[in-house]
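Bear in mind these aren't lab numbers, they're just calculated from the coordinates by the rules spelled out. Quantities reported herein were computed from a predicted structural model and do not represent experimental measurements. All Cβ positions, glycine included, derive from the backbone under ideal geometry; neighbour counts span all protein chains shown.
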Amino acid sequence: MEKGELLYEGKAKKVFATDDPELLIVSYKDDATAFNGRKRGTIRGKGVINNRMSNLLMRLLAERGIPTHFVEELSERETLVRKVSIVPLEVIVRNRSAGSFAARYGVPEGIVFAAPTIEFSYKNDALGDPLLNDSHALALGLATASELDTIRIYALEINAILTGIWKSCGVTLVDFKLEFGRLPDGSIVLADEISPDTCRLWDSATGEKLDKDRFRRDLGGVEEAYQEIMRRLEAQLQAGKKDQQS
Ligand code: ADP
Ligand code: UDP
């Protein structure tokens, strides 16, 4: 697959055209940003880890019936994906209080919810990704009612699957952000990435943060945390494969 023109450079990835109009190449960078771009830095090796982790998780989700944009891992940092028209919503699922939820409602981090919560924000950097509800999304024409229903069903199913995978790695999936897109036939698929940049992942035993909060909050050991969380996932998947063979 030929890498074509650079179509877009975002905060964490570059997106390239290919010779197939329905396919794109995404290239993962080591650049890290937080607080809507006000904090910037580099996390050495992050692009390699996020590329590999996102692809592993999307493959597992696809096996469980979730349609995704993933096509093929091309290299350490590059993946071929189906081109979608991104639904401009950040879909956030939470199992425990943390981050902006804890701040907004004045509660400590780590409260375990009886049931997961789901919220949308408008994917718009200039506005700081404001929170919105279904009627706002409909009023702004960001998605149809039936697309919102589909997105909600997929997001909660993805949460159930990912929570189980991370639990088997000794990790609590606290919250995460998803993006969905439309294929040319109008169907909704999971797009973008699932990685320590977009999830909060806490060691189940110690509560240690193994995600981008180490960068956001200057906790140190950022690179090591990304390596550790990747190591745990790969070890668990290897163990799973051995179980299947025996
Ligand atoms: P940001 O745009 O927030 O800085 P990134 O650096 O991760 O984020 O850039 C990747 C961009 O590619 C995002 O805007 C994301 O919505 C978009 N994207 C992800 N997957 C696809 C896809 N399959 N087709 C088209 N665009 C995609
Ligand atoms: N998140 C993300 N991109 C964003 C905003 C949030 O990937 O632009 C992820 C974040 O990593 C966390 C979850 O979504 O896992 C919930 O984030 P929250 O709303 O608490 O915001 P934050 O504290 O990151 O500002």
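Worth pointing out:
- Anisotropy class of region 91-246 from Cα gyration tensor, a/c 1.5 cut: oblate
- Rounded to the nearest 500, the 222 nm mean residue ellipticity of the chain from helices alone is -11000 deg cm²/dmol, with -39,500 (n - 2.57) taken per DSSP H run of at least 4 residues.
- Near residue 208, the amide H atoms lying under 5 Å from its own belong to 203; only residues 5 or more places off or on other chains count, and H is placed 1.01 Å from N.
- The relative contact order of the chain comes to 17 percent, based on Cα pairs under 8 Å that sit 6 or more residues apart.
- Extended-chain gain in nm, criterion 0.36 nm per residue less alpha-carbon gap, residue 124 and residue 182: 19.1 nm
- Taking a ≥ b ≥ c as the square roots of the eigenvalues of the Cα gyration tensor, region 108-153 is classed as oblate, since a/c reaches at least 1.5 and a/b does not exceed b/c.
- Net charge dipole, region 62-114: roughly 320 debye, given to the nearest 20, about the Cα centre with Cβ charges of +1 for Lys and Arg and -1 for Asp and Glu.
- Of the GluC sites (Glu not before Pro) in region 4-72, those whose Cβ has at most 13 other Cβ within 10 Å and which sit in DSSP loop: 22
- For region 1-139, the C-alpha radius of gyration sits at 1.20 times the compact-globule guess of 2.2 N^0.38 Å, with N the residue count.
- Exceeding the 22 Å Cα-Cα cut-off - candidates 83/123; 46/241; 83/241: 46/241; 83/241
- For trypsin sites (Lys or Arg not before Pro), the sites in region 8-52 that DSSP calls loop and that have at most 12 other Cβ atoms within 10 Å are 38, 44.
- Residue among 130, 196, 21 with the largest mean-square fluctuation in a Gaussian network model of the chain, springs linking Cα atoms under 10 Å: 21
- The length gained by stretching the chain between residue 238 and residue 34 to full extension, at 0.36 nm per residue less their Cα-Cα distance, is 70.2 nm.
- Couplings for region 4-16, taken from phi via the Karplus curve 6.51 cos²θ - 1.76 cosθ + 1.60 with θ = phi - 60°, read x, 5, 6, 8, 7, 10, x, 6, 10, 9, 10, 10, 10 Hz in order; Gly and Pro are left as x.
- In this calculation the C-beta distance from residue 20 to residue 140 is compared with R0 = 25 Å, giving a FRET efficiency of 0.20.
- Relative intensity of region 199-246 on a log10 scale, I(q)/I(0) at q = 0.19, 0.22, 0.23 Å⁻¹, equals -0.63, -0.75, -0.79, per a Debye sum over C-alpha point scatterers of equal strength in the absence of solvent.
- The residue list 128, 226, 159 was ranked by how far each Cα lies along the charge dipole of the chain toward its positive end, using unit charges on Cβ atoms, and 226 comes out on top.
- Within region 124-167: backbone nitrogen closer than 19 Å to the residue 205 label point (7 Å, Cα to C-beta): 165-167
- In order through region 133-140: 3J(HN,Hα) via Karplus (6.51 cos²θ - 1.76 cosθ + 1.60), integer Hz, x for Gly, Pro: 9, 4, 5, 5, 4, 5, 4, 7
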